[in-house]
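Below is one structure, written out as structure tokens; comments come after it.
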Amino acid sequence: MVNIYFAAVVNPQTSTHYLALPRCLIAVGSDGNIIWIENDIKPSDIHDTIALRGLKPDEYAFFDYSENPGEFIMPGLIDTHVHACQFPNLGVGGDRELLDWLLETVFPTESKFECPEYAKYAYNKVIDSSIASGTTTSCYYGSLHLEATMILASIVKDKGNFKSLCKCNMDWNCPGYYIEKTPDDSIRDTIKLIEHIQSFPLSHANESLVHPIITPRFAVSCSEKLLTKLGELAASLPHVSIQTHISENRKEVEDVKRQFNAESYASVYDRFGLLRNNTILGHGVWLTEKEMELIAKRGAGVAHCPTSNFYLSSGMAKVGLLLDHGVKVGLGTDVGGGYNPSILYTIQMASTTSKMVAVQAELDEERRRDELKHSHRKHAKPRHCKRACDCVDPDACIDSDSDEGEEVCRCHRHVNCRRRERPPCCCHHHHHHVPPNAHPVPKFTNQKLTVDTLLYLATLGGAHLCNLGDRIGSFAVGKAFDALHVRLDTSGNPAVWGVDKDEAARVEENVRRWLERFLFGGDNRNVREVWVGGVLVGGADVNRGKVNGVGVERENEG
């Protein structure tokens, strides 16, 4: 049976563009994959369009989501960094920074997962919370316990969600009650878990929904011998992804460089063969540009975790700079450093972070110009560019290129220059000519992230980071139907305005407005249905009994 959905559809395409399709048909086959998409279909043409696709009425089920303004379908959200065993810590310990928080709050909680019954109780709640929040794919960190993480894997399989997960590897700098005894013990349990997950039956789309992922917790908690063995294990399993933390906290960075006698944090993972095209690095707050270049060269990426970065006073990741260096970026809730399990909240914090980074960059530039101006006035007699550049601040157009006082025109890069056309420098001493395309103009660095970019990071960007961009993250023929049915009105969410009466007649121009309201004010009450691989697995309507596993018994609440 083919399921056909008629709705307004939001479909991310690139980091700067998404499609807002007010009248779209999506057909999903029995294997959960999208078999065709038709855009701009009038309601009167729906059944003719379906017939032209060769489907008879008894060969498909039709679901109409166009009845109420403020209702749309979008790809499921992707959480690229989350600790399943830290959900009990939600909202606890934010007055500490990372390393103290781990010792005093996290490790005592994670040690409880030694008890299988506790693990079963907790992990069932974790997966239900994830689905309710609209997350269809997650990269989970488990505790160090083999049995508990096997339980997590089995729960994920039974609930039909798409997850990557593994136990943490940690044999160094950890408390005695929560540490692996030897590197060999750690590797042995990791191999057992990988084999356990790989033994699961395939889905109806003939693919695994649960994927193992090699997980050195972070370099601080791993001995050189363990990292060496994990690198060897990773080399023997090139299709198994790797996840770990990097440059979250300044003290952590210094500890790693000292512990491994390394130039940089990223170079440590690279040394042990753990930096490659399927490596997901959590945080990256304090990465240098040289590290970003290395990460991009290896094809690895960064899970941006802004909620946790603020909560634990870690800092603000330069997401724009990462993107401009060609680094793959997705979003992570980082529960329990992040105190909200919803990627929607992470989107909001990512937006706030980018705005603060932009403000800080502007202040830094103003401060730099003020210091330069003061230095010129104090140490040199006034000099002016011989070309009238019409600058607001002519003194700032002159820079000193050497101790001899060589003058160079800076008009071409001075933010206050009002000239639109920028002829060659007219000063006596010239820089060598630089081809205009030698250094790409930054698109994202120190800029506020747009709705288009935020949506991309939460969906298709996360999919690419997880090396799943050909399967999930957007709607396209052949991809899995991982999707959310979103509705803004009648949800009981006071942060969502809903829909004005006159918006019904202006659907085309309002789909984008609906998306923005959802991203910045929505929560699980607005996530009415959740599909993974074409299978309905949750959502607010499912929990209220308004739908069933095959068809939708929808109420007209408009």
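The values are calculated or read from the model by the stated rules, or taken from the named source; none is laboratory data. Bear in mind the structure is a predicted one, so any value in this text is a computation, not a measurement. Glycine gets a Cβ as well: all are built from the backbone with ideal geometry, and neighbour counts include every protein chain shown. Accessible surface is based on the protein model in full, side chains and every heavy atom, while ligands, DNA and RNA are left aside. Shrake-Rupley method; radii C 1.70, N 1.55, O 1.52, S 1.80 Å.
Structure values in brief
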item	result
Hz values of 3J(HN,Hα) by residue in segment 325-333 - Karplus curve (6.51, -1.76, 1.60), Gly and Pro given as x	8, x, 7, 5, 9, x, 10, x, 6
Fraction in percent of alpha-carbon pairs per bin - 10 Å, segment 210-355	12, 43, 36, 8, 0
Cα gyration tensor, segment 171-240 - rounded (a/c under 1.5), prolate or oblate	prolate
Full-extension gain in nm, residue 37 to residue 365, via 0.36 nm per residue minus C-alpha separation	113.3 nm
Residues with amide H under 5 Å from that of residue 479, placed H, sequence gap 5 or more	34
Cβ charges +1 (Lys, Arg) and -1 (Asp, Glu), total dipole of segment 127-242, debye	100
Under Karplus coefficients 6.51, -1.76 and 1.60, residue-wise ³J(HN,Hα) of segment 443-451 in Hz, glycine/proline x	9, 10, 4, 6, 10, 5, 6, 7, 4
DSSP-defined antiparallel bridges as percent of all bridges, segment 1-83, nearest 5	70
Exposure rank, largest accessible area first [17, 145, 204, 81; 1.4 Å]	204, 17, 145, 81
Extension gain from residue 259 to residue 200, taking 0.36 nm per residue of separation minus the Cα-Cα distance	17.3 nm
For segment 99-114, 3J(HN,Hα) per residue [Karplus equation, 6.51 cos²θ - 1.76 cosθ + 1.60, θ = phi - 60°, Hz, x = Gly/Pro]	5, 5, 4, 4, 5, 8, 10, 7, 4, x, 5, 4, 5, 5, 6, 5
Environment charge at residue 332 (Cβ cut-off 12 Å; Lys +1, Arg +1, Asp -1, Glu -1)	-3
Where labels lie 7 Å past Cα in the beta-carbon direction, separation of residue 120 and residue 374 in nm	6.7
Cα gyration tensor, segment 1-124 - rounded (a/c under 1.5), prolate or oblate	prolate
Interchain or long-range residues, amide H under 5 Å from residue 94's placed H	none
Interchain or long-range residues, amide H under 5 Å from residue 81's placed H	139, 333, 334
Net charge over other residues, Cβ less than 14 angstrom from the Cβ of residue 359 (K, R count +1; D, E count -1)	0
Residues of segment 1-52: accessible area per residue with a 1.4 Å probe, Å²	41
Additional length obtainable on full extension of the chain from residue 90 to residue 358, 0.36 nm per residue less Cα span	93.6 nm
